[in-house]
Every structure is written in structure tokens, then in C-alpha cells.
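The values are calculated or read from the model by the stated rules, or taken from the named source; none is laboratory data. All values reported here derive from a predicted model rather than from experimental measurement. Heads up, the Cβs are rebuilt from the backbone with ideal geometry, glycines too, and the neighbour counts pull from every protein chain shown.
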Amino acid sequence: MDANEFVRKWAASTRGERAASQEHFIDLCAVLGEVTPNSDPSGDYYAFEKGARTPSATRTSRTTTRRTSAPAMRAATAVAAR
């Protein structure tokens, strides 16, 4: 796949980010000539959505990632700006 094919394909896509993310990444790897997660059949060193571990149980409050919706972020930003 070359850059023009990539742009043509993805400009026409109507799928959501989550539905298309892995295919998009694989196509981007093809454009750049890079290997994909498919090159590691065991998924030991290169995989989609491989779990991550907290380095230390004592640091859980700082290392926990929370997803915050856009409206909640705007509300929090507005409150902080006051």
C-alpha cells in the first residue's frame, strides 16, 4: 500500500475509531514498511491491547488511568478556571 492508497481508503471510511483502529494501524505500517503485530504470533513483544501492569502496588492511586468524558472534562476545566 502506498500513501495515496492509504489516504483514499481512510478518507472514505465511516467507521468509528475503535472499529477501525487495528486495520488503520496495520495499513499505516504497510505504508511505512514496518512490521505489524501479526509478525509476533505469540504476542509476547508486539500485540494489540496487551495488558499493562502497575510497577508497584503502593503507587496505584497515581498510576491508575481514568477515562473522562468530554463534557465532564469541560465542566472540570470551567470549575478550575473560576
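Cβ-Cβ contacts under 8 Å between residues 6 or more apart (or on different chains), taken from a first residue in region 27-50 that is under 15 Å from Met1 (Cβ atoms) to a second residue that is surrounded by 12 or more Cβ atoms within 10 Å (Cβ to Cβ) and small (Gly, Ala, Ser), are listed as Thr36/Ala30. If you go through region 18-42 and keep only what is part of a loop (DSSP other than H, G, I, E, B) and loosely packed, with under 12 Cβ neighbours inside 10 Å, you end up with Gly33, Glu34, Val35, Pro41, Ser42. Number of residues in region 43-82 that are modelled with pLDDT of 55 or more and closer than 30 Å to Ser13 by Cβ equals 15.
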